[in-house]
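Take a look at the structure set out below.
The values are calculated or read from the model by the stated rules, or taken from the named source; none is laboratory data. None of the values given here were measured: they were computed from a predicted structure. In this analysis, Cβ positions are derived from the backbone assuming ideal geometry, glycine residues included, and neighbour counts consider all displayed protein chains. When the accessible area is computed, the model is the full protein with side chains, heavy atoms only, and any ligands, DNA or RNA have been set aside. Shrake-Rupley method; radii C 1.70, N 1.55, O 1.52, S 1.80 Å.
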Amino acid sequence: MTETRAAVIESTGAPFTIDTITLDEPRADEVVVRIVAAGLCHTDLVVQGGAIPFKFPGVLGHEGAGVVERVGAGVTKVKPGDKVLLSFTSCGRCVKCRAGHPAYCLEFVPRNLICGTRPDGSAPLHRGDEEIGGSFFGQSSFAEVALVTERSIVKVADDLSDDDLAIIAPLGCGVQTGIGAIWNILKPVPGSTLAVFGNGAVGLSAIYAASQTPDATIVAIDLVAERLETAKEFGATHTIDASTQDVAEELGKLTKGLGLDYAVETTGVPAVLKTAVLALGVDGTCGVIGAPSVAGAEVSLGVQDMLVGKKVIGITEGDSEPETLLPVLVDLYRSGSFPLRSIVAHYKLDEINAATDDMHHGKTIKPVIRL
Ligand code: CXF
Ligand code: ZN
Ligand code: ZN
């Protein structure tokens with residue numbers, strides 16, 4: 001058993017409190033990772049707020065980065081001392097996993113989100129005698145040390161420093177969600193028009209990926225003027241300030257009345273999704289990647305409007321295969337092409353509630369907890 005400090009949530013809606021917990025001994029397919037940094041993702045806040053259920057008291061955190069300390073008997077992917085990024089987990093055996101789509105693993109929800117246990121129902125984390133929720137995205141990485149399932153582990157280059165890991169931690173969820181949506185699903189063609197609704201870490205990552213398309217028009221849309229400036233740094237060719245401009249009218253002008261070829265909805269707000277779909281042109285596609293903050297959120301779409309070939313596609317984790325995509329993203333970060341550094345702000349573990357406040361109020365785009 002390993003003792004560690006962790007950010008624990010006692011019950012739905014409660015803030016994080018720093019406490020000492022114990023990690024179970026690593027099973028054959030588990031890895032003990034010293035966490036260097038863990039990004040805060042909107043989904044952590046959605047689960048904290050109760051729109052997605054979890055076992056509380058429990059430990060969240062699903063954008064971990066760190067160094068392998070110990071490995072279970074059957075682990076072959078990594079060895080002690082290896083630098084790793086942590087991502088979502090999957091079963092590795094179902095028809096979706098076998099087809100290279102682990103984000104659509106048939107066991108995605110129980111393994112990553114709601115259970116707080118290993119797949120066999122056993123508790124990976126304790127506080128004293130009490131079983132607490134763990135295995136969040138196979139990692140529960142808001143802790144100095146985490147017990148991680150091998151399927152969540154992606155080995156990265158040995159010469160990445162702790163400071164690098166503290167910037168690239170968000171690659172494991174938010175960044176691959178935005179970039180994967182563009183490169184794996186929407187695949188914009190040269191000369192096309194694409195708008196990204198919401199310019200947080202996921203939206204900015206989508207903008208970056210889309211900006212690699214030759215001659216594309218990339219429209220960034222947000223309520224915060226400062227984020228629109230950041231969006232230009234990530235490759236947006238045009239911006240719309242939704243707090244002062246009529247989004248539908250501006251998109252109409254920018255597309256000369258033709259409508260968008262692609263839209264990406266990252267806010268999780270149903271009204272914004274509706275605006276995005278209405279703004280599509282003939283044969284246009286809207287990727288839905290924002291998780292709503294309330295359970296059961298719905299949107300109504302005009303059937304006649306859809307008949308012109310409009311497509312709406314929900315996307316989890318960019319439909320990424322983390323072991324394939326993350327090393328590519330690390331290279332783009334290291335080459336200076338992907339300006340992730342400019343949106344990351346660091347917080348200590350005991351500042352995690354300030355980090356959530358700053359993210360919530362739009363002060364920090366991507367908070368990363370530095371352990
Ligand atoms: C989540 C979004 C809500 C559904 C599961 C995956 N992505 C990452 O935070
Ligand atoms: Zn996430
Ligand atoms: Zn699976």
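Applying the condition of being open to solvent by 50 Å² or more (accessible area, probe 1.4 Å) and touching a residue at least 12 places away in the same chain (Cβ under 8 Å) to region 77-92 and asking which residue is farthest from the chain's Cα centre (by Cα) yields P80. Hey, among the residues in region 151-181 that are within 16 Å of ligand 1 (Cβ to nearest atom) and aliphatic (A, V, I, L, M), which one's surrounded by the fewest Cβ atoms within 10 Å (Cβ to Cβ)? Filtering region 151-181 for residues that are within 16 Å of ligand 1 (Cβ to nearest atom) and aliphatic (A, V, I, L, M), the one surrounded by the fewest Cβ atoms within 10 Å (Cβ to Cβ) comes out as V154. On the basis of being of a type outside the set (S, T, N, Q) and within 16 Å of ligand 3 (Cβ to nearest atom), does C173 make the cut? Answer is no for this residue. For region 80-97, the candidate set comprises residues that are outside any loop (DSSP other than H, G, I, E, B) and hydrophobic (A, V, I, L, M, F, W, C); within that set, the residue that is nearest to ligand 3 (Cβ to nearest atom) is C97. Screening the candidates V148, V95 for the property of being open to solvent by less than 10 Å² (accessible area, probe 1.4 Å), away from ligand 1 (no atom under 16 Å from the Cβ) and modelled with pLDDT of 95 or more yields one hit, V148.
Looking across region 113-132 at every residue that is over 14 Å from P57 (Cβ atoms), open to solvent by 20 Å² or more (accessible area, probe 1.4 Å) and in a loop (DSSP other than H, G, I, E, B), the one that is farthest from ligand 3 (Cβ to nearest atom) is identified as S122. Inspect region 41-61 for any residue being among the aromatic types (F, W, Y) and farther than 23 Å from H361 by Cα and give the result as yes or no. Within region 41-61, one or more residues are among the aromatic types (F, W, Y) and farther than 23 Å from H361 by Cα.
Residues checked against (1) aromatic (F, W, Y); (2) within 23 Å of Q176 (Cα to Cα); (3) within 16 Å of ligand 2 (Cβ to nearest atom):
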| site | (1), (2), (3) |
| --- | --- |
| T2 | no, no, no |
| T12 | no, no, no |
| P15 | no, no, no |
| E25 | no, no, no |
| G39 | no, yes, yes |
| H42 | no, yes, yes |
| L45 | no, yes, yes |
| V67 | no, yes, no |
| R70 | no, no, no |
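Taking the criterion of being under 15 Å from the mean Cα position of the chain (by Cα) and in a helix (DSSP H, G or I), the residues of region 149-177 that qualify are S152, I167, I168, A169, P170, L171, G172, G174, V175, Q176, T177.
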